[in-house]
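Just below is one structure, and these are the notes that go with it.
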Amino acid sequence: MMAQESGSDGTVGKALDVLEAVSDFGRPVRFTDLLAQVDYPKATLYRFLQTLTNQGMLSYDEERGTYALGLRLVRLAHAAWATSSLAPIARPYLDALSEETGETIHLAQLDHGQVLYVDKRNAAKPVAMFSSAGKVGPAYCTGVGKAMMAFLDEAELNAVLTRQSFHAFTPETLDTPKKLLAELKAIRARGYAFDRQEHEPGIICCAAPILARSGRVIGGLSVTSTTARTTLEALEAQSGRIMEIAGRIAAVAEDWRFPEQDKGRD
């Protein structure tokens, strides 16, 4: 149920809960469906929906009686992608790694303890998989998620662990904190992570964290394939290159400045 974490954030937090609830459906949604999903009274939910619609954050289809994300969010999302994600500066590095490997390339960042895929390059022979740019996935059972988690400091890691469901998606899923922590220790020692079909059957990857000079985690990078096409050992052979590219992205990101900050300077 919603509204558990943003109660201390007042009206804004509650409105964002409603907005996220609409998003989670992945389709236009009726008022009654939302009412069953969130913890707000009927009148409160209706008031938030009206406000969000008036502000262009939601759109309302009178004929079908459904709510959907509004076009104003598209504009905001584009601005966030351009100024807050690693995607724009990492683009040439992802292109190069994609061309070299012929496999699927993922660029991700941690968002509230989950993996946010901010960019993706499809394999030369694309395969269907969960990930896509803008989609959120679990951190504990994905290569990029584990690569990032392994390099968090203790306080950050503890906070992220509380946000994991530890649902067993496949027989290979590390479905307890104890199993995951042992894996994160090994990842930190070698510098890169694997997805051993832990989220989706047949999907494997090798991933590296993107780290600032201070050691702060700013993202994750992976080369992903299938068990029908390759092996973990073959992907591991590319770990050095993946870490090299992750380091190059980190170096550029470290010194990145928004264009507006340089305007007017000679």
> If residue 104 passes every condition in (1) over 15 Å from residue 250 (Cα atoms); (2) surrounded by fewer than 18 Cβ atoms within 10 Å (Cβ to Cβ) but one, which one does it miss?
Replying inline: (2)
>> Could you list, ordered by first residue, the pairs with Cβ atoms under 8 Å in which the first is in the stretch 144-167 and at positive phi and in contact (Cβ under 8 Å) with a residue 12 or more places away in the chain and the second is crowded, with 16+ Cβ neighbours inside 10 Å and aromatic (Phe, Trp, Tyr), at least 6 apart or interchain?
In response: 166/140
> For the stretch 142-160, how many residues are under 15 Å from the mean Cα position of the chain (by Cα) and under 12 Å from residue 207 (Cβ atoms)?
Replying inline: 8
> Where in the stretch 141-257 are there strands (runs of 3 or more DSSP E), lying fully within it, with 2 or more residues that are surrounded by fewer than 23 Cβ atoms within 10 Å (Cβ to Cβ)?
Replying inline: 193-196, 217-226
> Among the residues of the stretch 109-130, which ones are among the small types (Gly, Ala, Ser) and either under 20 Å from residue 168 (Cα atoms) or at pLDDT 95 or above (or both)?
Replying inline: 113
> From the set of residues in the stretch 9-33 that are over 14 Å from residue 51 (Cβ atoms) and among the aliphatic types (A, V, I, L, M), which is surrounded by the fewest Cβ atoms within 10 Å (Cβ to Cβ)?
Replying inline: 29
> Of the residues in the stretch 184-205, how many are in contact with a strand residue (DSSP E or B) (Cβ under 8 Å, 6 or more places away or on another chain) and under 19 Å from residue 171 (Cα atoms)?
Replying inline: 10
>> Go through the stretch 131-152 and report how many residues are modelled with pLDDT of 95 or more and farther than 19 Å from residue 197 by Cα.
In response: 2
> Counting only residues that are part of a helix (DSSP H, G or I) and modelled with pLDDT of 90 or more, how many does the stretch 26-59 have?
Replying inline: 19
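The values are calculated or read from the model by the stated rules, or taken from the named source; none is laboratory data. Predicted, not measured: the structure shown is a model, and the values here were computed from it. When we count neighbours, we look across all protein chains shown, and the Cβ atoms used for this are built from the backbone with ideal geometry, even at glycine.
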